[in-house]
Amino acid sequence: MKRKTLIILTTVVGMALQSCNKDKQSSNDSSNNPLVENWDTQFEVPPFEKIKNEHFKPAVLEAIEKHNEEIKSITENTDSATFENTIVAIENSGQLLNRVTSVFFNLKSSNTNDEIQALAQELAPTLSEHQDNINLNEKLFERVKKVYNDYTVQSAEKFKLTGEQRMLLDETYKKFVRSGANLSTEDKDKLRNINKELSVFSLKYGDNLLKETKAYEMIVDNKEDLAGLPNDLIEAAANEAKARKKDGKWIFTLDNSSVMPFLQYAENRELRKKIWDAYQSRGNQDNAFDNKQNALQLANLRLEKAKLLGYKNFAAYALEETMAKTPENVNRLLQQLWNPALAKATIEANDIKEMMKKDGISGDVMPYDWRYYAEKIRKQRYDLDEQEMKPYFSLENVRKGIFDVTQKLYGLTFTELKNMPKYHEDVTVWEVKEANGNQVGVLYMDMHPRASKSGGAWMTSFSDQYTKDGKRVLPVISIVCNFSKPTADAPALLTFDEASTFFHEFGHALHGLLSNVHFRSLAGTNVPRDFVELPSQIMENWAADPEVIKMYAKHYKTGEVIPDALIAKMKAAGTFDQGFATTEYLAASLLDMNYHTITTPISTDLNSFEKQSMNSIGLMGSIIPRYRSTYFSHIFAGGYSAGYYSYIWSEVLDSDAFQAFKETSLFNPEKAKLFRTNVLEKGGTEDPAELYRKFRGADPKIEPLLKKRGLVN
């Protein structure tokens, strides 16, 4: 998943710093504040060890004041509006604010605390108001509109803008229009209030989910209840109990690295049900962390905003600037996949039901049964045990494999920097260079779960690439995951799905690192949501290729390369359980679209809306949406509202794109160069459909995706 760091809090899943200094300076005093001083660190990375919680608020306020001064200098310029003195000036304004908020929000999910979360709630309306003050500034928009009209009405030769400059002009103009610049004064005031409320409800939603997830623990004190669980999971649960001062017990949490393998292997059905119920009811327990009203408010406020801006629903507004363009196009793709996915899932459910009967369990397949029996069927049908595979996928070996793949494709090298500023001891920092030694950028990697860290995996940036005085300014990129920690007896061992996740996030990182544009707002992953997942998802194809697996899958004890027989089993089981995986994903995507295609406010309760939505598509009772409404942070606390479909849209692209390599060779230098120069380097400087055609030579076809997921014979 890609997370963009934006000033507008309605599209941010925020992040934070770990330290909390009680000797606070005045909240408005920015003296000796490392966030607003020049950073003399190597590569100008944030000086994390100097930054404390109390630095953020004064830094934000000072940065807003500076940004206002920069905007004022543009609006009061007596010279006629030009591309340079208006469009470029806007692009270059607010850099201090971008820097401060990138540190704050990029770290709020990584290592948060109550003070940071409270501060985010406090700053949300202030930042929202500031963004509206710029987007709704009439004098500023008049200058932007003049440049835009001059260029579009008059001859293009008069201005001689490059393609990237034209894109910046178009994007700047559209941003103002889509932010309400053409609204009446009364409607602008309405929009301001909506944006403030959206920012607050979004933050509340994310904070509630984090708190409820981290507060839960399932304590097991009878060793017999651990039957079926792999040793590394048992050891991790014992370590968790010890860390919580409950020695002699085992604690399982709602972090994916704990709950999912428990559901997959635990023989105790009642305990599977117990932890599953806790997992699927997060934010839905009528307690202090309940998210039902937050989600409803967000959906209804987004509708109100869309209508105010002239759209029939929020999805129509959100999708206008994507490859999909319209809700109708999104639903067409999702429905094209839904029937074959559901048909395959029905067959899978029947297989599970038959195996449950052999265990003396009658009745329907329950959601907490699926992963457990699917694993048993996988082992029976393909003689494939995921625990047999894990010793070959240590975190270090997978990382080396990613580095090797990247070096073969693009010539990049990665060198760990031991003495760099870091926000947590788990973090590693890497210098990235071209084959010729030229510097590419800096990469932070944060791999393990902790109580102060949000779940999931994502890529983000502390600073995007741009060009200054003709020189490429290096990006500082970060990827964050939640893989199990090393134990006393073994390094961090990944499932193959986790290894694929690592490749996925690294693909996002390459998009940020290899960016080579002039304007930072168009750099790297600043592209439409349904294009941003192409670089990440195509990397998963290399992760799964037998030739590549043998490059990095080596037993952590013996160094033995993974046997061909085991790879053959993995390949044979490649489309196993894809009915379930595709159905749960599509159900969440359709739920997202249902929330954002409403044309009248939702008046029913959230659970009823979700139930009606899932009944309308015929979702079976043994599968629920991958994310239920009260913990669907992608759409209610992140940037994927009316956009969760993006993963499958991009999978059409990545499946087709990888064919270009499979048809020739996995590391075809010509294809790799085409992909780098037309996708990874270009950011948002051109239309994504055109960029894809420049790489592939044609529009993508859906057949490779259907074949990869086993949805066609």
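Checked against the criterion of being modelled with pLDDT of 95 or more and of a type in the set (Gly, Ala, Ser), the candidates Ser484, Ser500 yield just one match: Ser500. Among the residues making up the range 318-333, those that are of a type in the set (Asp, Glu) and either open to solvent by less than 40 Å² (accessible area, probe 1.4 Å) or assigned to a loop (DSSP other than H, G, I, E, B) (or both) are Glu320, Glu321.
I'd like to know if the range 454-476 contains one or more residues that are under 13 Å from the mean Cα position of the chain (by Cα), within 23 Å of Val103 (Cα to Cα), polar (S, T, N, Q) and open to solvent by 10 Å² or more (accessible area, probe 1.4 Å). Within the range 454-476, one or more residues are under 13 Å from the mean Cα position of the chain (by Cα), within 23 Å of Val103 (Cα to Cα), polar (S, T, N, Q) and open to solvent by 10 Å² or more (accessible area, probe 1.4 Å).
Counting only helices (runs of 4 or more DSSP H) that fall entirely inside the range 656-713 and contain at least 3 residues that are charged (D, E, K, R) and either surrounded by fewer than 18 Cβ atoms within 10 Å (Cβ to Cβ) or under 26 Å from the mean Cα position of the chain (by Cα) (or both), the qualifying elements are 688-696, 703-708. When the range 347-403 is filtered for residues that are of a type in the set (Phe, Trp, Tyr) and not in a helix (DSSP H, G or I), only Phe393 remains. Of all the listed residues (Ala588, Ala581), the sole one being closer than 28 Å to Glu304 by Cα, open to solvent by less than 40 Å² (accessible area, probe 1.4 Å) and of a type outside the set (D, E, K, R) is Ala588. For the range 213-237, residues that are surrounded by 16 or more Cβ atoms within 10 Å (Cβ to Cβ) and over 24 Å from Asp369 (Cβ atoms) total 2.
Residue-wise test of (1) touching a His at 6+ places or on another chain (Cβ under 9 Å); (2) under 25 Å from Leu395 (Cα atoms); (3) open to solvent by less than 30 Å² (accessible area, probe 1.4 Å).
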{"site": "Ile479", "(1), (2), (3)": "yes, yes, yes"}
{"site": "Asn482", "(1), (2), (3)": "yes, yes, yes"}
{"site": "Ala488", "(1), (2), (3)": "no, yes, no"}
{"site": "Glu498", "(1), (2), (3)": "no, yes, no"}
{"site": "Thr501", "(1), (2), (3)": "no, yes, no"}
{"site": "His504", "(1), (2), (3)": "no, yes, yes"}
{"site": "Leu513", "(1), (2), (3)": "no, yes, yes"}
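Pick out, from the range 458-574, the helices (runs of 4 or more DSSP H) lying fully within it that include 3 or more residues that are touching a Gly at 6+ places or on another chain (Cβ under 8 Å) and not aliphatic (A, V, I, L, M). Once the helices (runs of 4 or more DSSP H) in the range 458-574 are filtered for at least 3 residues that are touching a Gly at 6+ places or on another chain (Cβ under 8 Å) and not aliphatic (A, V, I, L, M), what remains is 534-544. Exactly one residue among Lys145, Lys160 is open to solvent by 40 Å² or more (accessible area, probe 1.4 Å), farther than 24 Å from Ser484 by Cα and modelled with pLDDT under 95, and that residue is Lys160.
Scanning the range 606-615 turns up no residue that is basic (Lys, Arg), under 25 Å from the mean Cα position of the chain (by Cα) and surrounded by fewer than 23 Cβ atoms within 10 Å (Cβ to Cβ). Scanning the range 171-190 for residues that are open to solvent by less than 50 Å² (accessible area, probe 1.4 Å) and among the charged types (D, E, K, R) turns up Arg178, Asp187, Lys188. Restricting attention to the range 99-126 and to residues that are touching a strand residue (DSSP E or B) at 6+ places or on another chain (Cβ under 8 Å) and in a helix (DSSP H, G or I), the residue that is farthest from Phe159 (Cα to Cα) turns out to be Lys108. Would you mind telling me which numbered condition in (1) open to solvent by 20 Å² or more (accessible area, probe 1.4 Å); (2) in contact with a Leu (Cβ under 7 Å, 6 or more places away or on another chain) Ser394 fails? For Ser394, the failing item is (1).
For the range 516-551, which positions are within 27 Å of Ser394 (Cβ to Cβ), more than 22 Å from the chain's Cα centre (by Cα) and either polar (S, T, N, Q) or crowded, with 22+ Cβ neighbours inside 10 Å (or both)? Passing the criteria: only Ile549. Using the structure shown, decide if Lys554 is open to solvent by 20 Å² or more (accessible area, probe 1.4 Å), over 16 Å from Gly684 (Cα atoms), without any contact (Cβ under 8 Å) to a residue 60 or more places away in the chain and in contact with a helix residue (DSSP H, G or I) (Cβ under 9 Å, 6 or more places away or on another chain). So Lys554 does not fit the description; no.
The values are calculated or read from the model by the stated rules, or taken from the named source; none is laboratory data. Owing to the predicted nature of the structure, the values given are computational and were not obtained by experimental measurement. For neighbour counting, all protein chains shown are included, and Cβ atoms are generated from backbone atoms with ideal geometry for every residue, glycine included. SASA here: full protein model, heavy atoms, side chains in, ligands and nucleic acids out. Shrake-Rupley method; radii C 1.70, N 1.55, O 1.52, S 1.80 Å.
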